[in-house]
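This report concerns only the one structure given below.
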Amino acid sequence: MHLHPSMSFTPGTALPPATWHAAFTEAFADYLIGPFTLTLAQWPGFLARQGVSLSESRATVDAGGQITAFALVAPRPAVGRWRLAVMGARPAARGSGAAAGLLADFLARAAAAGVGRVELEVFAQNTRAVRLYEKHGFAVAQGLFGHELAPGAGPACAASPAATTPALAAHDVALDEAAAWLDAAEQRVPDLPLQVGAGSLRAAEQAAPGSLAAARAGDAQIVWSSPAEPAAVVVHSLVDPSAGQAGAEALLRALQARHPGRTLRVPPLQRDDLGGLAWQRLGAARQRLHQWLMTRPLAA
C-alpha cells in the first residue's frame, strides 16, 4: 500500500473540537440524505455514538490549520475489527486524492495493529464512494435497510410466526441488561452493525438519560426511544437471529400497542435476517435509501 509522498496525516487528538466540527459540517452540507445539523455541543456525543477514537482518526490539514479531509475511525476490539466510521472532505479537497490517501492509510495502520478485518457503512446510492471502497478491496457483506410502519398499515402476511405463537410475549428489560445482551450478540452474530450495538446505545443513553427503553421476546430484543407527539417512535436496535423472527414481530406488535396512532421507524441499519423480515410482514414501507455494510479482510 503506497501513499502519496507529499501527503501527511494529522492525528485527530491534535486538532480542537471546533476545527473538527467546522470541517464535518461543511463536508456534509450537500450530503445524500441532507445536511447534518449537529451543534458544537453535540459533537462529543456524536463521536461517542459512532465509537470514534480520535487517536486513531486522521485528517489532512491546510496551511491555516483547517481540516480539508478526514477519516474518523472506530476500533472494535471485541470483534477484532476497525470501522471507518466517517470519511469526508471539504468541497475544495474533493478529487485531490486525499480520500484515497486517507483510506490507504487507514488500511495500513489497521494491518499494522494486527486487525483482522475492517468495515464501513455506505449508502448504496452513493456510487462514487462505493466504487472507491471496492477499488480498495471492500465487498458488500450485508444490506442495511430502513423501514416505516404507519399506524394504519396492514400486515403483508396474515399468517405469521408471532400470530400463531400465543405464548411468545414481550417483556421489558432494564437498559443495562439490554446492553449486556447486545454485547453477547456481538460475539455470536457476525457483521452486527456498531450503531445497533451496546456501545452506541450506552452513549445515546448517557447523552439523554431516560430516553431509551428495551424489551425482549423469545430470541429477540428491541431498543427504542419515544420522542414527543406526533413524532415517530424510533427503533434503534432490533436483533432477532432466529429463522422465523417471531420474537421480532411480537416486539413490533407490542410497540404498536404501547404507542397507538404513532408511526414506528428504524433508520437504514436493519438487516433483513435480524428483524427486517418482521417489519415487512407487518406491512412496513421500506425506505428507498439504504446502506451496504462493506468489509475487507487484512493479512495477518
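Does Gly210 fit the bill of being within 18 Å of Ala85 (Cβ to Cβ) and open to solvent by 40 Å² or more (accessible area, probe 1.4 Å)? For Gly210, the condition - within 18 Å of Ala85 (Cβ to Cβ) and open to solvent by 40 Å² or more (accessible area, probe 1.4 Å) - is not met. Looking across Leu32, Leu47, Leu15, Leu3, one residue alone is open to solvent by 40 Å² or more (accessible area, probe 1.4 Å) and either at pLDDT 95 or above or over 22 Å from the mean Cα position of the chain (by Cα) (or both). It is Leu3. Here is the figure for the stretch 52-77: residues that are over 15 Å from Pro16 (Cβ atoms), more than 18 Å from the chain's Cα centre (by Cα) and of a type in the set (A, V, I, L, M, F, W, C) total 2.
Look at the stretch 126-142: where a residue is assigned to a strand (DSSP E or B) and a partner is polar (S, T, N, Q), sitting 6+ places away or on another chain with Cβ atoms under 8 Å, you get Ala139/Thr295; Ala141/Thr295. Has the stretch 109-124 got at least one residue that is closer than 17 Å to Gly12 by Cα and not hydroxyl-bearing (Ser, Thr, Tyr)? Yes: the stretch 109-124 contains one or more residues that are closer than 17 Å to Gly12 by Cα and not hydroxyl-bearing (Ser, Thr, Tyr). Give the residues of the stretch 81-109 that are touching a Lys or Arg at 6+ places or on another chain (Cβ under 7 Å) and over 19 Å from Leu47 (Cα atoms), sorted by residue number. Within the stretch 81-109, just Asp105 meets the criteria. Regarding the stretch 150-168, can at least one residue be identified that is modelled with pLDDT of 95 or more and open to solvent by 50 Å² or more (accessible area, probe 1.4 Å)? No, there is no match, as no residue in the stretch 150-168 is modelled with pLDDT of 95 or more and open to solvent by 50 Å² or more (accessible area, probe 1.4 Å). Sort out which residues of the stretch 250-270 are open to solvent by 10 Å² or more (accessible area, probe 1.4 Å), assigned to a helix (DSSP H, G or I) and in contact (Cβ under 8 Å) with a residue 60 or more places away in the chain, and write them in order of number. Passing the criteria: Ala250, Arg253, Ala254, Gln256. Of Ala111, Ala78, Ala59, all but one fail to be in a strand (DSSP E or B) and either among the hydrophobic types (A, V, I, L, M, F, W, C) or open to solvent by 50 Å² or more (accessible area, probe 1.4 Å) (or both); the exception is Ala59.
Restricting Ala243, Ala228 to residues that are under 24 Å from Gln187 (Cβ atoms), over 21 Å from the mean Cα position of the chain (by Cα) and either among the acidic types (Asp, Glu) or surrounded by fewer than 17 Cβ atoms within 10 Å (Cβ to Cβ) (or both) narrows the list to Ala243.
Conditions tested, residue by residue: (1) assigned to a loop (DSSP other than H, G, I, E, B); (2) open to solvent by less than 30 Å² (accessible area, probe 1.4 Å); (3) touching a Leu at 6+ places or on another chain (Cβ under 8 Å).
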| position | (1), (2), (3) |
| --- | --- |
| Thr19 | no, yes, no |
| Ala23 | no, yes, no |
| Thr37 | yes, no, no |
| Gly64 | yes, no, no |
| Ala69 | no, yes, yes |
| Val73 | no, yes, yes |
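Residues that are of a type outside the set (Lys, Arg), crowded, with 19+ Cβ neighbours inside 10 Å and within 14 Å of Gly143 (Cα to Cα) within the stretch 271-291 comprise Leu274, Gly275, Gly276, Leu277, Gln291, listed in sequence order.
The values are calculated or read from the model by the stated rules, or taken from the named source; none is laboratory data. Please read these numbers as outputs of a predicted model, since none were measured by experiment. With ideal geometry, Cβ positions are generated from the backbone for all residues, glycine too; neighbour counts draw on all protein chains shown. Only protein heavy atoms, including side chains, enter the accessible area calculation; ligands, DNA and RNA are left aside. Shrake-Rupley method; radii C 1.70, N 1.55, O 1.52, S 1.80 Å.
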